[in-house]
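In what follows, a single structure is set out as structure tokens and then discussed.
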Amino acid sequence: MKECMDSENLHRRLKKINGQVNAIDRMIDEDIECEQILMQVNAVKSALHKVGYIIVEGHLEHCVKKAIENGNSDDALSDISSIIEYYSRL
């Protein structure tokens, strides 16, 4: 699976998300208005959604494509179905 992902990009995004979560925690301690905190929560949700999208995209471009090229289209279709199911849960 590692070859399917842009690990450097994903690590960079996850570090940023971690910083955003820590900032939300500080905002709660500093008694910042709920609306401002919720805006940051929404930003984190969007960033995590993008991370999921990048993983799905990489998986389709590399792993699924490779399976199809190797004549394993049934496995590839099953894999796509599983990926869509997991990703739709986000």
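The values are calculated or read from the model by the stated rules, or taken from the named source; none is laboratory data. Model, not experiment: these values are computed from the prediction. Quick note on the areas: whole protein, heavy atoms, side chains included, nothing else; ligands and nucleic acids left out. Shrake-Rupley method; radii C 1.70, N 1.55, O 1.52, S 1.80 Å.
Evaluate the Debye formula for region 2-90 with equal point scatterers sitting on the alpha carbons, no solvent, and hand back log10 of I(q)/I(0) at q = 0.11, 0.24, 0.25, 0.26 Å⁻¹, in q order, two decimals. Those come out to -0.44, -1.11, -1.16, -1.20, one per q.
When the alpha carbon coordinates of region 38-90 are projected onto the principal axes, the ranges are 47, 17, 6 Å, largest first.
Per-residue SASA remark: Ile84, around 110 Å² accessible (1.4 Å probe; ligands, DNA and RNA not included).
Structural descriptor for the chain: relative contact order 37 percent, calculated from alpha carbon pairs under 8 angstrom and at least 6 residues apart.
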